[in-house]
Amino acid sequence: MKKLLRLVVCASALAALAFAQDKVDLDTIYKIKQEAFQNSKVMDHLWYLTEVHGPRLAGSPHYKAAADWAVKTLKDWGLDNARLEEWGKFGRGWENKKFTAAMTEPSYMPLIGAPQAWTASTEGVISGEPIIALLRTDEDLAKWKGKLTGKIVLTESPREIALHDKADDSRYTDAELAELATGQISSGMLRRPPAGGPPQNFMQMMAFRRKMNDFLRDEKVGVVLSGTRGDFGTYFTSNGGSRDPKDPQAPPMVVLTPEHYNRIYRLAEKSIATKLEIEVQNQWYEPDQNNFNVIAELPGTGKHKDEIVMIGGHLDSWHSATGATDNGTGSAVMLEVMRILKKLDLKLDRTVRIGLWDAEEEGLLGSRGYVTKTFADRSNMKTLPAWDKLSAYYNVDNGAGKIRGVYLQGNEAARPVLEAFLAPFKDLGVTTVTSRNTGGTDHQSFDAVGLPGFQFIQDPLEYSTRTHHSNMDSYDRVPREDMMQMAAIVASLVVDTANRDHMMPRKPKPEPRAEGRGPMGF
């Protein structure tokens, strides 16, 4: 017991010492708050990324245009080395150029939906009766062989729509934050995930989907329709086929809002004469011609100027909306941080670098490629010289909600440091530093090679219920006040980290791990 008591006392003393060493510059924080709240440009950045350049599907010209705009903006502010940087191989680009869909019998109804990414166009306008062909097993494929040529095919059962008894949006309560703060380290993704996630046996599901796509392509179906989770006209999209240039194109695939899909299904099930008209025009692009990360720097001027503090978020989005909360918000906040730091001309001991990442939605590909080329190879843990020079990486990618704290990813040594840095923002709702992990975004690429990578805890708002990967992910769903709060906090955290006497504490260097093990390949 005495030995345990001594350990506790020593740990407390070390934490107190670390806290004492990490005093923050309140005058600088005041200046940052003034610029972030009184002269904010963060919604302007978001507007350009979404209204002008959205959607920003990886591999598409719209992604490249958004990346070019970000580089030009950073250069105009006077940042150093603003550039597009290649990160690796992605595959073919894809973009929807036209989509029309309507029910014409038994009554006219425009249909709300969109094509799935990396799927084929229809052969002109497809007109005809929908046919129900539920495809779940190899036996189902055999049953329908030779019967679906040119057909409009419904491959899924209707989705149940629950009535709403409370609002879609939410903010963390004090009790939820307290529970989050005391939780144990977990390897799972602890941000609030969208409901109705993939089945546990994900690999089997993906293998059957590839087999089904091959079957439907060989059948020469006209178009495949499916419903999604959601309601009130919201639908959720992702990819339906492969971007690998060696793979054949998936057949035309369209997702519809469940209210419309369910009506079509019920009519077809009851053998009521029903007619649909659908046209899809998609365009494919040469492999790897529109794939880059955006990189820029504010050089440090002190004795640690060869060391780096990084910030970032992913620039790409899905294609059915303009990618506002996922992740125009994170990109806009990080651009605003760089604008604030440059305008205020703050003293920075270390160099501050921004990375806006490509192809996060396809598996953190842009940030993983950057980390491998710049810092370390996860598969063998061979490190490059820059690995020893990165102090910390901060990421924003959990929607439009204000920051409530930070995930440590198990890096307990960083707790007193980040608690000290975040203490001045308690009045803005920042109260929680948790040892827990959170997954599904680009800080994992850094954390996976032993670098201090942190994602912020954010209020959920409508992220899981309404905007994440949906057709409702638009500029109108983003609260300006939350965006300003995020920019002020990240900018202050960056300055504190850049000017700290020592680099951010690290976890032990991880063992090599082959690509593909664990979430997102980690």
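None of the figures in this text is laboratory data; all of them are computed from the coordinates on show. Keep in mind that what you see is a predicted model, and the values were worked out from it rather than measured. Positions of Cβ are backbone-derived with ideal geometry, glycine not excepted, and every protein chain shown enters the neighbour counts.
Note on Asp27 and Glu176: their simple-model spin labels are 4.0 nm apart, each label 7 Å out from Cα toward Cβ. What you get for the chain, charging only the Cβ of Lys and Arg (+1) and of Asp and Glu (-1), is a dipole of about 1080 debye around the Cα centre. Once the Cα-Cα distance is subtracted from the 0.36 nm per residue extended length, the Leu384 to Tyr108 segment shows a gain of 93.1 nm. For segment 218-301, the residue among Val221, Ala250, Tyr285 whose Cα projects farthest onto the positive side of the dipole built from Cβ charges is Val221. Its Kirkwood hydrodynamic radius, worked out from the mean inverse distance over all distinct Cα pairs, puts segment 23-161 at 20.8 Å.
Taking a span of 18 Å or more along the helix axis (Cα atoms) and a mean Kyte-Doolittle hydropathy of at least -1.0 as the rule, the DSSP H helices of the chain that qualify are 2-21, 61-76, 202-219, 329-344, 480-498. Note on Thr73, Thr467, Thr329: ascending count of other Cβ atoms within 10 Å places them as Thr73, Thr467, Thr329, the fewest first. When the chymotrypsin sites (Phe, Trp or Tyr not before Pro) in segment 199-247 are filtered for DSSP coil states and for at most 14 other beta-carbon atoms within 10 Å of their beta-carbon, the remaining sites are Phe232. Which of the trypsin sites (Lys or Arg not before Pro) found in segment 65-142 are in a DSSP loop and have at most 16 neighbouring Cβ atoms, other than their own, within 10 Å? When the trypsin sites (Lys or Arg not before Pro) of segment 65-142 are filtered for loop state and at most 16 Cβ neighbours within 10 Å, Lys89, Arg136 remain. Within the chain, antiparallel bridges make up roughly 55 percent of the DSSP beta bridges whose residues both belong there. Computed from backbone phi, the HN-Hα couplings of segment 312-327 come to x, x, 8, 8, 7, 8, 7, 10, 8, 9, 9, x, 6, 7, 9, 9 Hz, rounded to whole numbers (Karplus: 6.51 cos²θ - 1.76 cosθ + 1.60, θ = phi - 60°; Gly and Pro given as x). Helices in the chain, meaning DSSP H runs of at least 4 residues, each add -39500 (n - 2.57). Divided by all residues, the mean residue ellipticity at 222 nm is -9500 deg cm²/dmol.
Going through the cross-link list Lys64/Lys151; Lys220/Lys270; Lys31/Lys389, which pairs have a Cα-Cα distance over 32 Å in this structure? Check vs 32 Å cut-off fails for Lys64/Lys151. One decimal place: the segment Trp284-Lys89 gains 68.6 nm when fully extended, by the rule 0.36 nm per residue minus the C-alpha distance. Fewest neighbouring Cβ atoms within 10 Å first, the residues Asp459, Asp397 line up as Asp459, Asp397. Extension gain, His164 to Glu139, is 5.2 nm, computed as 0.36 nm per intervening residue step minus the present C-alpha separation.
Here the ratio of the Cα radius of gyration of segment 222-280 to 2.2 N^0.38 Å is 1.32. Calculated on the Cα set of the chain, radius of gyration then Dmax: 24.5, 82 Å. To the nearest 0.05, how large is the calculated FRET efficiency for Lys426 and Asn39 if R₀ is 25 Å and r is the Cβ-Cβ distance? Calculated value: 0.60.
Amide H contacts of Val24: none lie under 5 Å away among residues 5 or more positions distant or on a separate chain (H built 1.01 Å from N in the peptide plane; Pro and chain starts excluded).
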